[in-house]
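Novice: After the structure tokens below, expect a handful of questions from me.
The values are calculated or read from the model by the stated rules, or taken from the named source; none is laboratory data. What you are looking at is a predicted structure, and each value in this text was computed from that prediction instead of being measured. No Cβ is skipped: glycine too gets one built from the backbone with ideal geometry, and neighbour counts run over all protein chains shown. For the accessible areas, the whole protein counts, side chains as well, though only heavy atoms, and no ligand, DNA or RNA atoms are used. Shrake-Rupley method; radii C 1.70, N 1.55, O 1.52, S 1.80 Å.
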Amino acid sequence: AVRFRLLFTTLLLFSTCCEALKMAYIDKLALILVTNRKQLVARSRNKSVFFTPGGKREDGESDSQALLRECKEELIIDLTPETIRPYGVFQAQAFGKPEGTMVRMTCYTSDYSGELQPSAEVEELRWIDSTCPHNDLSVTGIMILEDLKEKGLVD
């Protein structure tokens, strides 16, 4: 009986551990653009909050390749590949997804050429500072904005 209880307890702990590992992650890349002490954010069509521009990797893409593609698709700009630099990684509950679905946003900075403009998939671009209402942003957006403020990069 003791052996059975020990085996049952071990299986229960293993099962609980496996459930935790199944937590859904959305792995995204984002571009942090700051100009005149304001950060660029984008609102996709039919969405209520602003996000840091970027997106997901396609199969076989490096971070740089995916970021170049996503910025061209969303902002109609060409990043300068040799200027792409890591900024930081932010993780939080994913906006509009079931509880426990986390987004992990790996952020970069970069120079670019072209004129920023919203693509067909983007409803609005906005330059924000730390006075932006938090309910206008995703949780990761709030985290990024607070980090930029803490580093003295935005007002």
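Novice: Can you report the number of residues in segment 104-134 which are under 17 Å from the mean Cα position of the chain (by Cα) and among the hydroxyl-bearing types (Ser, Thr, Tyr)?
Specialist: Result for segment 104-134: 4.
Novice: Sort out for me the strands (runs of 3 or more DSSP E) sitting completely within segment 36-117 that have 1 or more residues that are among the small types (Gly, Ala, Ser), at pLDDT below 95 and within 26 Å of Glu150 (Cα to Cα).
Specialist: Strands (runs of 3 or more DSSP E) meeting the threshold: 85-93.
Novice: In segment 82-120, which residue that is loosely packed, with under 12 Cβ neighbours inside 10 Å and of a type in the set (Asp, Glu) is farthest from Pro53 (Cα to Cα)?
Specialist: Out of the qualifying residues, it is Glu99.
Novice: Also, quick follow-up: Please tell me if Leu153 is surrounded by fewer than 18 Cβ atoms within 10 Å (Cβ to Cβ), over 12 Å from the mean Cα position of the chain (by Cα) and in contact (Cβ under 8 Å) with a residue 40 or more places away in the chain.
Specialist: yes
Novice: I've got another one for you. Looking only at segment 125-141, how many residues end up being at pLDDT 95 or above, among the β-branched types (Val, Ile, Thr) and open to solvent by 10 Å² or more (accessible area, probe 1.4 Å)?
Specialist: Residues in segment 125-141 being at pLDDT 95 or above, among the β-branched types (Val, Ile, Thr) and open to solvent by 10 Å² or more (accessible area, probe 1.4 Å): 1 in total.
Novice: Which residues, taken from segment 40-63, are in contact with a Lys or Arg (Cβ under 9 Å, 6 or more places away or on another chain), surrounded by 16 or more Cβ atoms within 10 Å (Cβ to Cβ) and not β-branched (Val, Ile, Thr)?
Specialist: Selection gives Leu40, Ala42, Arg43, Phe50, Phe51, Gly54, Gly55, Arg57.
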